[in-house]
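Chemist: First the structure, which I've put down as structure tokens, then a few questions once you've had a look.
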Amino acid sequence: MNTALLTIDDFSSGNTPAIVDYLKEKGIKIIFFATGKNVEEFYEEAIYAVKSGMIVGNHSYSHPHFSSLTPEECFAEIEKCEQVLDKIYKDSGVERKYRPFRFPYGDKGGENKDIIQKYLKDKGFHKVDDRHLTYPWWKEFSLDTDIDTFWTFDFAEYLIRPGSDVTKESVWEKMNDQNPQAGAALFGENNRHILLLHAHDETEELVPEYYKQFVDYLLEKGITFDAPGFITD
Ligand SMILES: [Zn+2]
């Protein structure tokens, strides 16, 4: 059986309520990773997701490359997003139980990696439960001990843009690639996944309800969706 936890980055967006409604209809619980900036821009949409019981994690305030910042600048990015997230939970009247974090672009900060991991740990960010992931590279890149939430499969649907070679069809090919360059094959004998998708209105314009098309396909292929779990001390 193939199982997966779905994560959706760059929350919030105009299409967020439609994504939430679709996931609720399918009974799929996910983690949204938010930038503070996008939540400020699409505030009501963000409230809608939190009120619907979706977990929203921190994806920095303005989505920079962390390896180009000083540690202090990284902490400020994380802190500024925290303040925005605390506010949406408060305004939604929902208790904020879990605080997962994902680096923009998966950029863990280069030479400052260890300092930032220590910061995340000290600040009480929650590590997503990944103890069921057995890919050798997961350990090799110390993803098993890092606090932030990495992924095992990236749809890369955000690359579907006017003039780009990436199309809905190439995402389909990627989903069926048995030897991907990065991450693990989506479908296998007993593959477990953390999937990465994005809440982008630009993709919605080119491929309406793209999230539904991809997730429906996964469901058709027999993938079971895991509810978010966390390793708490
Ligand atoms: Zn992102």
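No value in this document is a laboratory result; all are computed from the given coordinates. Here the structure is a predicted model, which means the values were calculated and not measured. Counting neighbours? That spans all protein chains shown, and the Cβs are built from the backbone with ideal geometry, glycine included.
Chemist: Quick one: compute the contact order of the stretch 1-132, relative version, from alpha carbon pairs under 8 angstrom and 6+ residues apart, as a percent.
Modeler: Working: 196 pairs, mean separation 31.2, N = 132.
Once normalised by length, the contact order is 24 percent.
Chemist: Return the long-range amide H neighbours of G14 (sequence gap of 5 or more, or a different chain), with a cut-off of under 5 Å between placed amide H atoms.
Modeler: For G14, whose amide H was placed from the backbone, the distant partners under 5 Å are D201.
Chemist: Mind checking the alpha-carbon convex hull of the stretch 119-228 and giving the volume per residue in Å³?
Modeler: Details: hull volume 14.9 nm³, N = 110.
It is 135 Å³ per residue.
Chemist: Follow-up. In the chain, which whole DSSP H runs stretch at least 20 Å along their own axis (Cα) and average 0.5 or higher on the Kyte-Doolittle scale?
Modeler: Values: long enough: 71-92 (32 Å, -0.76).
What comes out of the filter, once short or polar helices are dropped, is none.
Chemist: In whole percent, what relative contact order does the stretch 3-231 give with Cα contacts below 8 Å and a gap of six or more residues? Show your work: numbers first, answer last.
Modeler: Working: 389 pairs, mean separation 62.3, N = 229.
Result for the stretch 3-231 is 27 percent.
Chemist: Which FRET efficiency, nearest 0.05, do L206 and E41 yield, Cβ-Cβ r, R0 22 Å?
Modeler: On the way: r = 20 Å, r/R0 = 0.92.
Computed FRET efficiency for L206 and E41: 0.60.
Chemist: Related question: Whole-Hz Karplus ³J(HN,Hα) for the stretch 226-231, in order, using 6.51 cos²θ - 1.76 cosθ + 1.60 and θ = phi - 60°, x for Gly and Pro?
Modeler: 7, 6, x, x, 10, 8
Chemist: Given K37/K87; K24/K51; K51/K90; K29/K212; K97/K123; K24/K90, which pairs have Cα atoms separated by over 18 Å? List each step's numbers first, then the result.
Modeler: Details: K37/K87 13 Å; K24/K51 12 Å; K51/K90 10 Å; K29/K212 14 Å; K97/K123 14 Å; K24/K90 22 Å.
Those over the limit are K24/K90.
Chemist: Taking the Cα centre of the stretch 3-231 as the origin, how large is its charge dipole in debye, to the nearest 20, when only Lys and Arg (+1) and Asp and Glu (-1) carry charge on their Cβ atoms?
Modeler: Working: 26 positive and 41 negative charges, 166 e Å.
Roughly 800 debye, rounded to the nearest 20.
Chemist: Run the Debye formula on the Cα coordinates of the chain, all scatterers equal and no solvent, and tell me log10 I(q)/I(0) at q = 0.10, 0.13 1/Å.
Modeler: Calculated log10 I(q)/I(0) at the listed q: -0.44, -0.77.
Chemist: Here's a follow-up. Return the long-range amide H neighbours of D9 (sequence gap of 5 or more, or a different chain), with a cut-off of under 5 Å between placed amide H atoms.
Modeler: Those qualifying (amide H under 5 Å, at least 5 residues apart or on another chain) are F33, L197, H198, A199.
Chemist: I194's amide H: which non-local residues (gap 5+, or another chain) put their own amide H closer than 5 Å, with H modeled 1.01 Å from N in plane and none for Pro or chain starts?
Modeler: Under 5 Å from the amide H of I194 lie the amide H atoms of L5, T152, F153, each far enough along the sequence or on another chain.
Chemist: Quick one: Karplus J couplings for the stretch 182-191, per residue in order, coefficients 6.51, -1.76, 1.60, θ = phi - 60°, nearest Hz, x for Gly and Pro?
Modeler: These are the phi-based 3J(HN,Hα) values: 10, x, 10, 4, 5, 10, x, 6, 8, 7 Hz.
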